[in-house]
Amino acid sequence: MLKIAILYPNKMVRLTQWGHPSDTCEKLFVTDANSFNELVPQADCAMIIHRFDMDLVKSIKKPIVFFYGDYRPELNYQTLTLMSMAKIVLTTWYREDIYSEFNAFAVRQGVNPDIWKPIPGCPEEHDVVFSGNNHGSDLRLNILEKLNNDFNLFIVGRNWPSYFNSTNKKTPLATNKFLNRGKVNVGIFNKRDNSNVKFLTSNRLYQGMACGKPHIGPHTIGLRSYFRPDDCYMDYTNYKDLKKTINKLLKNKKLRTNAAKAQRAAIVRENTVWHAWKRMETIIANNI
């Protein structure tokens with residue numbers, strides 16, 4: 001059985017998506033120097049999740065797998081160094097310059113449908129719910145201000161101006177409850193120009209589609225190919241487009257219900273954390 005040392009400095013790693021068990025590989029969770037020295041020698045390869053102690057990483061003699069899901073237009077020195085050290089690079093997006101330089105593979109993610117799920121009888125208190133923090137992006141703020149003017153908007157996230165109806169970021173279970181209180185939920189990127197990036201999204205897409213209410217996300221080249229025509233995948237290219245889709249859903253409860261069911265079915269079918277891990281594990285097994 002394949003043994004993969006998962007290097008992740010969060011001691012709660014077993015409770016994250018990376019802790020999901022696999023029946024075809026053994027995961028060895030490495031969070032510090034002690035577990036590193038004990039477990040990495042036992043593994044067939046070492047998988048680094050976004051970042052880890054570079055002195056320890058440089059001592060690894062096994063093949064390295066580097067996962068980098070948080071897209072940045074300009075990758076920093078440490079990220080590029082880890083990509084150059086890795087035998088396999090896994091990203092949740094495709095960019096030609098990165099893929100031409102490294103042995104990179106685009107992988108889609110997923111969610112736990114037992115956490116992100118419909119809550120029967122939950123009252124619909126808001127037209128639109130957005131879950132995400134304020135990182136100072138004018139793009140995100142401008143879209144939310146327009147949504148706030150046109151709809152009954154609720155935001156789950158930190159650092160938003162007081163004129164928004166919002167609450168600080170919550171646990172996944174609590175955030176799922178807030179998503180269920182909306183009739184529609186949306187995704188909004190922080191960055192304006194993603195024209196040279198394919199498949200770009202965040203876990204917000206999968207969370208929103210799984211929660212039992214329809215999700216509308218920002219358009220990304222190729223992302224629609226992850227879903228079937230009957231999955232009711234929805235995206236938008238500008239605010240006018242987003243507003244039109246929201247109004248269409250708000251005026252038709254049956255359409256909202258059917259879209260929500262179809263989106264959740266797409267998550268359960270092939271976009272859970274289990275499916276996401278299996279896709280990555282297959283790439284790792286075939287390339288180390």
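Quick note: the coordinates plus some simple rules give every number you see, no bench work behind them. Small disclaimer: the values here were computed from a predicted structure and weren't measured. Using ideal geometry, Cβ is built from the backbone for each residue, glycine included, and neighbour counts are taken over all protein chains shown.
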| task | Would you list which lysines come within 16 Å of K62, measuring only between C-alpha atoms, while excluding same-chain residues fewer than 8 positions from it? | result | K3, K27, K87
| note | Highest GNM mean-square fluctuation among P229, P118, P41, for the chain with Cα springs under 10 Å, belongs to P229
| said: Just to be sure I understand: with springs between alpha-carbon atoms less than 10 Å apart, which residue in G212, G222, G136 has the highest mean-square fluctuation in the Gaussian network model of the chain? | reply: G136
| query | Given the Cα-Cα distance of T171 and L15 and 0.36 nm per residue of separation, how much length would full extension add, in nm? | reply | 54.9 nm
| query | Can you give the Rg and Dmax of the chain based on its C-alpha atoms, in angstrom? | reply | 19.8, 59
| Using Cα pairs under 8 angstrom and six or more residues apart, how large is the relative contact order of the chain, in percent? | 17 percent
| task | Distance between Cα centroids, region 1-36 to region 174-243: provide it in whole Å. | result | 29 Å
| request: Would you please report the Å³ per residue occupied by the convex hull of the alpha carbon atoms in region 72-125? | output: 147 Å³
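Filter the cross-link list K58/K117; K240/K261; K146/K278 down to pairs whose alpha-carbon distance in this structure exceeds 32 Å.
K58/K117; K146/K278
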| request: Based on other C-beta atoms within 10 Å, arrange L153, L56, L173 from fewest to most. | output: L173, L56, L153
| Cα-based Rg and Dmax for region 223-288, where Dmax is the largest Cα-Cα distance (Å) | 15.9, 52
| Quick one: Kirkwood hydrodynamic radius for region 126-270, alpha-carbon pairs, angstrom, one decimal? | 15.2 Å
| task | With a cut-off of at most 11 other beta carbons within 10 Å, and DSSP calling the residue loop, which chymotrypsin sites (Phe, Trp or Tyr not before Pro) in region 37-109 qualify? Please list them. | result | none
| said: With angles folded into 0 to 90 degrees, how steeply does helix 273-287 sit against the dominant principal axis of the chain? Use alpha carbons for both and round to 10. | reply: 30 degrees
| request: Starting from the Cα of K243, draw a straight line to each of the aspartates and glutamates and keep only those under 15 Å, dropping any in the same chain fewer than 8 residues away. | output: D127, E145, D150, D235
| said: Running a GNM on the chain with Cα contacts under 10 Å, which residue among R95, R140, R269 ends up with the highest mean-square fluctuation? | reply: R269
| said: Which of K11, K27 has the fewest other C-beta atoms within 10 Å, and how do the rest follow up to the most? | reply: K11, K27
